[in-house]
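First comes the structure, then the notes that go with it.
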Amino acid sequence: MIQKLITLEKFINKEALSGIILFIATVAAVVVANSSLGQAYYDLWHMPLGINIAEHKISMSLTYWIDDALMALFFLMVGLEIKREMLIGELSSVSKASFPIVAAIGGMLVPALIYVAFNTDNPYGFGIPMATDIAFALGILMLLGKRVNPALKLFLVALAVVDDLGAVVVVATVYTSEIHAEYFLHAGIIYALIWALNFKGVTKITPYLILGVALWVYIHAIGIHATIAGVLLAFAIPIQSKLEERKFINETKRNLEDFENNIDEIPILNHHQIDSLENIAYSYDKVQNPLVRLEHNLHGLSAFFIMPLFAFSNAGVLIDFSSVSQNFMIVLGVVLGLVLGKPIGILGLTYLAQKLKIVKKPDDISWSEILAVGFIAGIGFTMSIFITHLAFMDENIIAAVKLAVFAASFIAAVIGVILLLTVKKS
């Protein structure tokens with residue numbers, strides 16, 4: 001029995017499990033939305049919920065609470081990972097850091113141009129194929145596990161975050177009907193206070209998270225997508241620990257010696273031993289890097305709760321093809337933008353930028369793998385559907401675009417997975 005529990009624990013700790021759960025949540029959402037429970041499913045996620053904070057009232061549907069609030073925590077984790085890699089990892093080089101940025105720009109620009117080319121009379125939906133669903137994209141790599149080059153995860157994370165931030169900018173500037181500029185000052189003051197904690201050397205996470213909630217409130221009040229608060233907060237979380245590693249080792253050794261020297265015949269710890277353990281625990285807290293610690297704590301929450309819940313609440317697409325033929329050019333622009341525009345833009349612009357010596361391709365990633373990631377980035381899904389609701393008011397068009405996004409994301413994912421499993425890693 002104990003051996004079975006150990007085996008189960010090891011299986012749960014594998015990142016592939018989160019990808020499986022994400023896939024199951026997606027399939028379940030589609031099945032339920034198209035069953036007799038479809039209306040109940042719709043009513044549940046559109047149920048209004050509100051909270052009051054001082055004079056501010058925030059009221060959104062349950063779906064938007066998941067998309068704007070819980071996903072802010074996911075983007076906080078992603079931002080922490082990006083910051084860590086930019087400071088001490090593979091993105092610490094300017095040339096390497098610029099590579100996924102150029103890739104993201106290509107992955108947004110080309111799909112938008114393809115959509116506009118097919119819809120010159122109604123280009124307002126250009127933002128739909130620009131988006132990459134980072135949750136699903138990362139889920140694919142997690143599902144494939146060790147069969148995929150580990151360096152691709154970092155590249156995809158960096159690309160997808162830049163891509164998503166670009167989508168947020170588009171939403172804020174093109175699809176946002178009303179910007180409450182007066183809240184920019186409030187958000188700026190809160191963010192300045194967060195950075196003040198960093199500059200003062202505060203390593204406790206709690207003050208950052210409390211101010212992070214206030215930052216989220218004001219960014220939401222501005223009228224732009226509130227998940228950006230998670231990324232902004234991540235950049236301000238300190239990476240430097242309060243206690244040096246060598247000093248931690250020396251203090252721990254000394255406390256362990258005190259613990260051993262005070263062993264007695266009584267079968268309970270004496271106060272000297274308790275003091276030694278408390279000193280070790282205190283040093284343990286001080287030696288940990290705040291950024292890495294928070295990232296580690298958020299990983300399980302994001303992988304096994306936030307991402308699957310996000311998928312189940314957003315993936316419920318009603319399968320009805322009657323609207324597709326009526327809006328064929330819009331559908332074609334979305335499908336080709338995601339399936340072809342993403343890989344062409346990502347591979348093409350990065351290849352051109354390297355030839356012009358603007359960026360340098362990471363040595364541990366091949367051009368074939370970049371093409372494969374380009375297709376994976378074509379999984380627009382939930383963010384594309386979100387932008388669809390902002391771009392169009394006609395329910396007939398919205399239904400057609402949702403099916404286009406669903407089909408394109410599926411095609412892009414299948415091609416991307418096949419390429420990832422077959423391409424050479426050099």
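The values are calculated or read from the model by the stated rules, or taken from the named source; none is laboratory data. For clarity, every value in this text was computed on a predicted model and none was experimentally measured. Reconstructed Cβ throughout: ideal geometry from the backbone, glycine too, with neighbour counts over all protein chains shown. SASA here: full protein model, heavy atoms, side chains in, ligands and nucleic acids out. Shrake-Rupley method; radii C 1.70, N 1.55, O 1.52, S 1.80 Å.
Points worth noting:
- Note on the range 115-212: enclosed helices (runs of 4 or more DSSP H) holding 2 or more residues that are hydroxyl-bearing (S, T, Y) are 182-199.
- Failed condition for A40, given (1) under 18 Å from the mean Cα position of the chain (by Cα); (2) modelled with pLDDT of 80 or more; (3) not β-branched (V, I, T): (1)
- The sole residue among I358, I365 that is touching a residue at least 60 places away in the same chain (Cβ under 8 Å) and closer than 22 Å to T132 by Cα is I365.
- With respect to the conditions (1) at pLDDT below 80; (2) farther than 30 Å from M383 by Cβ; (3) not small (G, A, S), H225 lacks only one, and its number is (2).
- Of all residues in the range 258-285, those satisfying the criterion of being within 34 Å of the chain's Cα centre (by Cα) and open to solvent by less than 100 Å² (accessible area, probe 1.4 Å) are A281, S283, D285.
- Counted residues, the range 227-286 - those being farther than 30 Å from L73 by Cβ and of a type in the set (V, I, T): 7
- Restricting attention to the range 236-257 and to residues that are closer than 16 Å to Y284 by Cβ and buried (at least 16 other Cβ atoms within 10 Å of the Cβ), the residue that is nearest to the chain's Cα centre (by Cα) turns out to be S241.
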